[in-house]
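Worksheet: one structure, shown below.
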Amino acid sequence: MHELASYEAVQANRTERNVPKLARVADVVIETDRCTPEDVWIRVASHLGFFGREYLRLVDVLVGGQFGSEGKGQVAAYLAPEYELLVRVGGPNAGHKVWGKPVPYAFHQLPSGTRRCEARLLIGAGAIINVETLLREIAECRVEHDRLSIDPQAMIISAADRRREVQMVNRIGSTGQGVGAATARRIMGRGHNPKPKLARDIPELKPFVRQGQQVLEDAFRRRWRVLLEGTQGTGLSLYHGYYPHVTSRDTTVAGCLAEAGISATRVQRVVMVCRTYPIRVQSPRQGTSGHMSQELGWEEIARRSGYTVEELRSAERTTTTNKQRRVAEFDWKLLRAAASLNAPTDIALTFVDYLSKENTYAMRFEQLTLDTIRFVEEVERVASTPVTLVSTGFNLKSVIDRRMW
């Protein structure tokens, strides 16, 4: 029906003239004279019960408890089939490697469970995007535009951002992916012309761009389970890590939730991933990549585990920059600090084969070596949290699952 030109014309129209009579028989009457169309839609939807009457705890969050490279990608991929929506935040400076045939696959932008299930995918508003990297992952993983949603306000990395971080690689062991520079530009570029580019400004991303809040609202309305995958580790948090050798964001549960646009009251479980020997990237020639307690050499890990030094060094190269990693004794102080910051409901302990190569043959918890079992029990005491997932090797089947949920 066409819009009438004036109120007098409305009154002259028989149908329109009789509309006020509906108020006497209607279940709900909404005054719309001080509302926008969107306001009216929201009010009607609430009267119809579309938003529900409670905020269900449907979100599980996965974070790292150390300096990154804890094996979060492998844990996320293992858990992914249990969820209807997978959410990722952070940027391409974090590569999450997942076991696969014929070779492993490293996810830098997409959720690590993308290839493991048919769940919907969301990249949150706080994410930092390398367009080339993201499009390559979309193509390689054959992700259709109706499956992946990218929040229109996700920040885009420019070539200039990457150039600005060249010196940071040597100074603090940065990956040099431009994530920090893009984050700073997002803040300092407000009001400048040209404005920083967001996902909504990139033509190639248009088919995927959708409001993240609407995607999440729809998921919650459907009572979908949501897995939010954080990147890097608590020890690298901009605010709570060993500054200045930190990343450009808060890597705790609270920081990941803020980037995704999810309230803490939506959270059901927090899974914090820790490895038996924490690692950091190898120190650059003119600087350091940051603090580690009781640093070791790979020769010592080889002696303890039963692996060869060559096997360890080959495996322990960073996913994003292919640099050799430093390694240290398990840091109990860092575990306690990370547990306090994240309040995990579960610990996923990875690389227990580095305690003893014999653990690779364990299918049940009691089949682990006695020293490993004691180590797990100590982790549980210090973190005040059960170790419910134990990774015995780089394989989706090499997970001892002790969960009760």
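Enumerate the helices (runs of 4 or more DSSP H) found wholly within the stretch 1-114, keeping only those where 3 or more residues are over 27 Å from V267 (Cα atoms).
It comes to 7-12, 14-17, 37-47.
List the helices (runs of 4 or more DSSP H) inside the stretch 126-184, counting only whole elements, that have at least 1 residues being closer than 24 Å to L216 by Cα and at pLDDT 95 or above.
The helices (runs of 4 or more DSSP H) meeting that bar are 131-140.
Looking at the stretch 27-37, can you tell me whether even one residue there is more than 17 Å from M272 (Cα to Cα), surrounded by fewer than 12 Cβ atoms within 10 Å (Cβ to Cβ), in contact with an Asp or Glu (Cβ under 9 Å, 6 or more places away or on another chain) and not aromatic (F, W, Y)?
no
Can you tell me how many residues in the stretch 68-88 are at pLDDT below 95 and hydrophobic (A, V, I, L, M, F, W, C)?
Of the residues in the stretch 68-88, 0 are at pLDDT below 95 and hydrophobic (A, V, I, L, M, F, W, C).
Among the residues of the stretch 213-258, write down those that are of a type in the set (S, T, Y) and either modelled with pLDDT of 95 or more or within 26 Å of V98 (Cβ to Cβ) (or both).
T231, T234, S237, Y239, T247, S248, T251, T252
Filter the stretch 260-281 for residues that are surrounded by 24 or more Cβ atoms within 10 Å (Cβ to Cβ) and part of a helix (DSSP H, G or I) and give the result.
A260
Only one of (1) surrounded by fewer than 13 Cβ atoms within 10 Å (Cβ to Cβ); (2) part of a loop (DSSP other than H, G, I, E, B); (3) modelled with pLDDT of 95 or more is not met by C117, so which one is it?
Failed condition: (1).
Where the second residue is among the polar types (S, T, N, Q) and the first is over 18 Å from A199 (Cα atoms) and lies in the stretch 151-168, which pairs have Cβ atoms under 7 Å and are six or more apart or on separate chains?
Here the result reads E165/S174; M168/S174, each pair linking the stretch 151-168 to a residue that is among the polar types (S, T, N, Q).
Give me the pairs, please: first residue somewhere in the stretch 27-49 and at negative phi, second residue anywhere and surrounded by fewer than 12 Cβ atoms within 10 Å (Cβ to Cβ) and small (G, A, S), beta-carbon distance under 9 Å, and either six or more positions apart or on two chains.
Cβ pairs passing all conditions: V29/A23.
The values are calculated or read from the model by the stated rules, or taken from the named source; none is laboratory data. Computed from a predicted structure; not experimentally measured. Heads up, the Cβs are rebuilt from the backbone with ideal geometry, glycines too, and the neighbour counts pull from every protein chain shown.
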